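In what follows, a structure is listed as structure tokens, so that the remarks can point back to it.
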Amino acid sequence: SGEHLGDTVELEDYLKKNPIKNLYLHIVKPNQTINCINWFNKKGFGPAFYIAFKIWQKLVLEEAKVILREYPIDIVHQYNPIGFREPGYLWLLQKPFVWGPIGGANFVNPILLHDKSFKTKILFLLKNFVTYLQLKYSFRVKKAALKASKLIFCCTESMKNFEKFIGKNGVVIAEQAVPEINFNINTINKIGRVLRIAQIGRLNEHKNTRFLLEALSLIKNKKWHLSVIGDGILKDDLIKLSHKLEIEDNITWYGIKTRNEIFDILPSIDLHALTSLSEANTTVLYEARLFGIPTISLDQNGMHDTLSNNQGILVPITSYRQTLQSFADEIELLLDNHDLLEEYKKKTKK
């Protein structure tokens, strides 16, 4: 679906323009009860989504039973929003069952919460605790995992935690992909040109933009420019922080942009920065790849798999201050060695 449960217009329009042979779409619309519950999710109360989604999955099960009576189905594949918390009910069907890619079975590293407010620390530590409880005690998660003929995980971290808590592993396949590639790889001027960096996403605690600003402030060579694409509740605070760190002249705040508008900006970018507290394989990582833009990221979650083997720059998480300095050092290395950046761009293209 699109932004919210039941929004299938984009999917339907795509399939009208790009028909896929032997693909038959059965849309299960949410009923009035589901829409009422999901209204709270639309207003910002995230847990309501899982309640609405669980009820909707029961409708999906009933639709699947009807299909099974009419068509000779061989394999059932549960492909959710990738959080492991909601495995649906299709595992109850007496058919070979595949589930995944599965994500969300990872914990936010407490080291990255060092500079957060007390409220934010409590919320993320509580999220870690709830994840632990659900991995260890959720009946449906365990039943679906054990019933599955094959489990697919979005990253190694989630797979290892399933193996630890449920005793079953699988294969790692990212839930994202690069649909097409623009081979016109941009290049950096070796004489005096600034390093053009972009961060894309909502400006909230989860995206951890503060970490990026603090790391950039440590760089002695100021020939860099950061494009911040996105908006959110922390925007004003982050702008104030940029002034405090004396890097405000090196930053452009674009606000919210459409996907096509972002694609207009990306050809001018040299490096994509990811500092999120937790991600599976964020879409913007793959959108950057469309333009041959390498990514620098904290070494965790889906990025640990996707950017391994020099496919990007992974910064290990040690102590908070050391991680900040290491992130800054990697960027400064690119500022001082333009040939190295070109090598990363070639590897991204390959």
GluC sites (Glu not before Pro) within the range 17-99, DSSP loop, no more than 16 other Cβ atoms inside 10 Å | none
Rounded, prolate or oblate: which fits the range 297-347 when a ≥ b ≥ c are the square roots of the eigenvalues of the alpha-carbon gyration tensor, with rounded for a/c under 1.5 and prolate only if a/b beats b/c?
-> oblate
At a Förster distance of 35 Å, what's the computed FRET efficiency of Lys127 paired with Tyr71, Cβ-Cβ distance as r, to 0.05?
-> 0.30
Could you list, in their original order, any pairs among Lys121/Lys207; Lys116/Lys220; Lys127/Lys257; Lys257/Lys347; Lys17/Lys58 whose Cα atoms are separated by more than 21 Å?
-> Lys116/Lys220; Lys127/Lys257; Lys257/Lys347; Lys17/Lys58
Accessible-area value, Ile20, 1.4 Å probe, nucleic acids and ligands omitted, Å² | 90 Å²
Along the charge dipole of the chain, Cβ charges K/R +1 and D/E -1, which of Ala48, Gly232, Gln134 sits furthest on the positive end?
-> Gln134
Taking the chain as the region of interest, what is the percent of Cα-Cα pairs per 20 angstrom bin, listed from the shortest bin to the one with the maximum distance?
-> 26, 56, 18, 0
What order do Met159, Met303 take when sorted by accessible area (1.4 Å probe), most exposed first?
-> Met159, Met303
Taking N as its residue count, the alpha carbon Rg of the range 240-350 over 2.2 N^0.38 Å | 1.09
First measure r as the distance between the Cβ atoms of Asp336 and His26, then evaluate 1/(1 + (r/R0)^6) with R0 = 35 Å and state the FRET efficiency to the nearest 0.05.
-> 0.05
Theoretical gain in end-to-end length, Asn221 to Glu163 [0.36 nm per residue, Cα-Cα removed] = 16.4 nm
Taking N as the number of residues in the range 71-169, what is its alpha-carbon radius of gyration divided by 2.2 N^0.38 Å?
-> 1.22
Here, Leu61 and Lys43, labelled 7 Å along Cα→Cβ, have an inter-label distance in nm of 2.9 nm
Between the range 289-319 and the range 79-157, what's the alpha-carbon centroid distance in Å?
-> 22 Å
Semi-axis lengths, Å, the range 1-157, gyration tensor of Cα atoms, sqrt of 5 times eigenvalues | 31, 20, 16
In nm, give the distance between the simple-model label positions of Glu248 and Lys346, each being 7 Å from the Cα along the Cα-to-Cβ direction.
-> 4.2 nm
At a probe radius of 1.4 Å, what is the per-residue accessible area of His26, in Å² to the nearest 10?
-> 80 Å²
How many nm is it between the label spots at His4 and His206, if each spot is 7 Å from the Cα in line with the beta carbon?
-> 1.7 nm
Tell me, what is the percent relative contact order of the range 186-330, built from C-alpha pairs under 8 Å that lie six or more residues apart?
-> 26 percent
Give me the compactness ratio for the range 64-118, meaning the Cα radius of gyration over 2.2 N^0.38 Å.
-> 1.77
Write out the chymotrypsin sites (Phe, Trp or Tyr not before Pro) in the range 18-93 meeting two conditions: DSSP loop, and at most 14 other Cβ atoms within 10 Å of their Cβ.
-> Tyr24, Phe45, Tyr79
Candidate cut points under trypsin sites (Lys or Arg not before Pro) in the range 3-33, DSSP loop plus at most 15 other Cβ atoms within 10 Å of their own Cβ, are Lys21
To the nearest 20 debye, what is the magnitude of the charge dipole of the chain about its Cα centre, counting +1 on the Cβ of each Lys and Arg and -1 on the Cβ of each Asp and Glu?
-> 1100 debye
Rank these by accessible area, largest first, 1.4 Å probe: Ser227, Ser138, Ser268.
-> Ser268, Ser138, Ser227
The range 103-171 - accessible surface per residue (Å², probe 1.4 Å) = 52 Å²
Quickly rank 112-123, 197-208 as a protection proxy: mean count of other C-beta atoms within 10 Å, highest first.
-> 197-208, 112-123
Unit charges at the beta carbon, dipole of the range 30-136: most positive-side option, Phe124, Gly100, Tyr89 = Phe124
On the full set of protein chains, 1.4 Å probe, figure out the accessible area of Lys65 and give it in Å² to the nearest 10.
-> 80 Å²
What's the FRET efficiency of Leu11 with Lys136 using the Cβ-Cβ distance as r and R₀ = 35 Å, to the nearest 0.05?
-> 0.50
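The values are calculated or read from the model by the stated rules, or taken from the named source; none is laboratory data. These numbers come from a predicted model, not from an experiment. For neighbour counting, all protein chains shown are included, and Cβ atoms are generated from backbone atoms with ideal geometry for every residue, glycine included. Just so you know, the surface numbers come from the protein's heavy atoms only, side chains and all, with ligands and any DNA or RNA stripped out. Shrake-Rupley method; radii C 1.70, N 1.55, O 1.52, S 1.80 Å.
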